[in-house]
1. With the cut-off at 1.5 for a/c, could you classify the range 80-149 from its C-alpha gyration tensor as rounded, prolate or oblate?
2. If you take Rg and Dmax of the Cα atoms in Å from the coordinates, which of (1) 19.7, 68; (2) 28.0, 91; (3) 20.0, 60 do you get?
3. Hey, in the GNM for the chain with a 10 angstrom Cα cutoff, which one of Ala59, Ala104, Ala182 fluctuates hardest?
4. Is the shape of the range 41-103 rounded, prolate or oblate, going by the alpha carbon gyration tensor and its root eigenvalues a ≥ b ≥ c, with a/c under 1.5 for rounded and a/b larger than b/c for prolate?
5. Viscosity 1.306 mPa s, temperature 10 °C: what is the translational diffusion coefficient of the range 149-286 from Stokes-Einstein with a Kirkwood Rh over Cα pairs, rounded to a whole number of µm²/s?
6. Which of Asp136, Asp224, Asp98 ends up with the largest GNM mean-square fluctuation for the chain, with Cα atoms connected below 10 Å?
7. Whenever you get a sec, line up Ile271, Ile308, Ile97 from highest to lowest accessible area (probe 1.4 Å, protein heavy atoms).
8. Using DSSP to call loops (not H, G, I, E or B), can you name the GluC sites (Glu not before Pro) in the range 253-320 whose Cβ has at most 13 other Cβ atoms within 10 angstrom?
Amino acid sequence: MTGNPSDAPAPPPAGAGNGPAVSRREFDALFEAVRTWGRWTPADRGAWNRVTPERVRRASALVRSGTVVPMGRAWDTAAGPDNAKPALHYMSELGDIDASEPSAHKDFIAVDYHGKAVSHVDALSHIAYRGRLYDDHPARELIGSAGARFGAVSALGPLVTKGVLLDLPAVSGCAWLEPGRAVHAEDIVAAEQALGVTIGEGDALLLRSGGLRRRRELGAWNPDAASAGLHVDAMPLLAERGIALLGGDGDSDVRPSPVEGLHSPVHALAIAAMGVPLLDNLDLEALAAAGADTGRYEFLLLVAPLNIPGGTGSPVNPVAVL
């Protein structure tokens, strides 16, 4: 990142480009239209049940060069407007405790990862709407101080499927989408056509807004106040396509939210209604560069969450294999 974050241009005024506004009544109707409750067993894997061994086999056929592109952001221990709870990392042993050979060097890490600075996957226990988790499970009864008894990240396991990158700034002819810019269904279709890809059943869709490039060039800002992301009117298209995973270099929601009284409506639709886990805060810059070089925006995707019983998600370093 260049420059002082305090000198960075302010994000656009609240509401700039994030509409149209959606009422709670309209949102509730949308929630009912896209929900997939009762469709799968086990239910707490949600849309990951769409990824069959045959889909994995077909995804593996996308590998040509064998180039591996990681998408996890660096472990961020520096506080900032987009990192209110920095990750922890310190050395716990420096080879000076045990005199025997070889000497050992050990460190400690910890993270409150549900935020804007850590690449992570949201499990189905992460979000409830009107008190209900995915598949109509009561959140208050199934989530407590010991963790989640439904929809835990340990129920997801690893995911291997076809990934599709939609590089929205490249399609739009800009360096990045400005914070507050909403991405609509027609933007997704236009990006598919421009990049020569089609989002299909069981695919993982990754949306690049260019926000990480903006941060590196202009400095950090508070993404809770303004960030580029999906408008809720894009979700019926993604439900129709049958995606298994949704992710991006933000947290998928446009902010400010266009839905009255809901701070993360795309989270509610994807996780609580559709059973689609989310990948948040990816670094898609190298993958976008590879796509521009090769003209290929489809790839084999591997996501391996930590096996955390009761966890509502996990830090991850997803990998694309081209």
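1. Prolate, since a/c reaches 1.5 and a/b exceeds b/c.
2. (1)
3. Evaluated over the chain, the most mobile residue of the options is Ala104.
4. prolate
5. 104 µm²/s
6. Asp98
7. Solvent-accessible surface, decreasing: Ile97, Ile308, Ile271.
8. When the GluC sites (Glu not before Pro) of the range 253-320 are filtered for loop state and at most 13 Cβ neighbours within 10 Å, Glu260 remain.
The values are calculated or read from the model by the stated rules, or taken from the named source; none is laboratory data. All values derive from a computational prediction rather than experimental measurement. Note that each Cβ is placed from the backbone with ideal geometry, even for glycine, and that neighbours are counted across all protein chains shown. Accessible surface is based on the protein model in full, side chains and every heavy atom, while ligands, DNA and RNA are left aside. Shrake-Rupley method; radii C 1.70, N 1.55, O 1.52, S 1.80 Å.
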